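For reference, the structure discussed in these notes is given below.
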Amino acid sequence: MSQKERLVSYTSTNSYLTLNELTSETQNIWIVFHGLGFLSRYFITYFNGLPPEKNYIIAPQAPSKYYLNNQYRHVGASWLTKEETVRETQNVLSYIDAVMGEERLPSNKNLIVLGFSQGVSIATRWVASRKIKCEQLILYAGGIPNELTPNSFDFLKKHKTKITALIGNEDEYLDENRIQKENEKLKMLFGEQAQQIIFDGKHEVKNELINNLVL
């Protein structure tokens, strides 16, 4: 008996969340990608401290949901795994394209892209593949995919995008060696355009750090 893998395309529906209203008073539009085990409706609450009249937040939802801690009570989600990563990445990017198409965002606002933990891999792949000219790219407690190169982000240099990496000094997933390697990768990809900030804390989202990014 022989096995043969076959592919099929189909239409799928997924949700996303927004916070605040997009008006003429809006200054910043945020696209925020949550980490492993989050749902967008919980992740978006970390942005409640931003002035609502100036900030419009869009939180895409990772498509693969699962029960956390094997207790079948609380649900989290994952963007990708090591299984069929290339193909699944394209599916995720197509979903984000659909979100952006639905939103029809104006071009006269500051665009801020933030990824937390696993969301960093999605944020950087999306920005690189779609040539997203954002004013800020925020990489919060996560790793940049190895396939990305300096050429992937050349357009951000011309756009003078501010690149910020935030890492907790007690992050349980990033030891000192990993932090050093991520800093080296940051410099290799973005040069002097990027800044790494080490804060006091663990693998966590801190509201005050987010709020300070647009002061």
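The values are calculated or read from the model by the stated rules, or taken from the named source; none is laboratory data. Source: prediction; values computed, not measured. Neighbour counts are summed over all protein chains in view; Cβ atoms, including those assigned to glycine, are modelled from backbone coordinates with ideal geometry. Ligands, DNA and RNA are excluded from the accessible area calculation, which covers all protein heavy atoms including side chains. Shrake-Rupley method; radii C 1.70, N 1.55, O 1.52, S 1.80 Å.
A few remarks follow.
- For the chain, hydrophobic long helices are taken as DSSP H runs at least 15 Å long by C-alpha position along their axis with mean Kyte-Doolittle hydropathy of 0.0 or more; these are 118-130.
- Thr13 exposes around 130 Å² of accessible area when a 1.4 Å probe is run over every protein chain in place.
- Protection proxy ranking of 128-138, 84-94 - average other beta-carbon atoms within 10 Å, highest first: 128-138, 84-94
- Förster radius 25 Å - calculated FRET efficiency between Met1 and Glu84, Cβ distance, rounded to 0.05: 0.65
- Positive minus negative residues near Glu192 (Lys, Arg vs Asp, Glu; Cβ under 13 Å): +4
- Spatial offset of the stretch 174-205 relative to the stretch 104-125 amounts to 18 Å, using the alpha carbon center of each.
- Set of lysines near Lys160 by C-alpha distance (under 21 Å), chain-local residues within fewer than 8 positions excluded: Lys109, Lys131, Lys133, Lys185, Lys187
- Apolar share of the accessible surface for the chain: 47 percent from carbon plus sulfur atoms, 1.4 Å probe.
- Per residue accessible area in Å² of the chain, where ligands, DNA and RNA are left out and the probe is 1.4 Å: 58 Å²
- Reduced Cα scattering model of the stretch 128-201, Debye log10 I(q)/I(0), q = 0.19, 0.27 Å⁻¹: -0.76, -1.34
- Share, in percent, of DSSP beta bridges within the chain that are antiparallel, nearest 5: 25 percent
- Residue-averaged 222 nm ellipticity for the chain, from DSSP H runs of 4+ at -39500 (n - 2.57), nearest 500: -8500 deg cm²/dmol
- Fraction of antiparallel bridges per DSSP, the stretch 1-102 only, in percent to nearest 5: 65 percent
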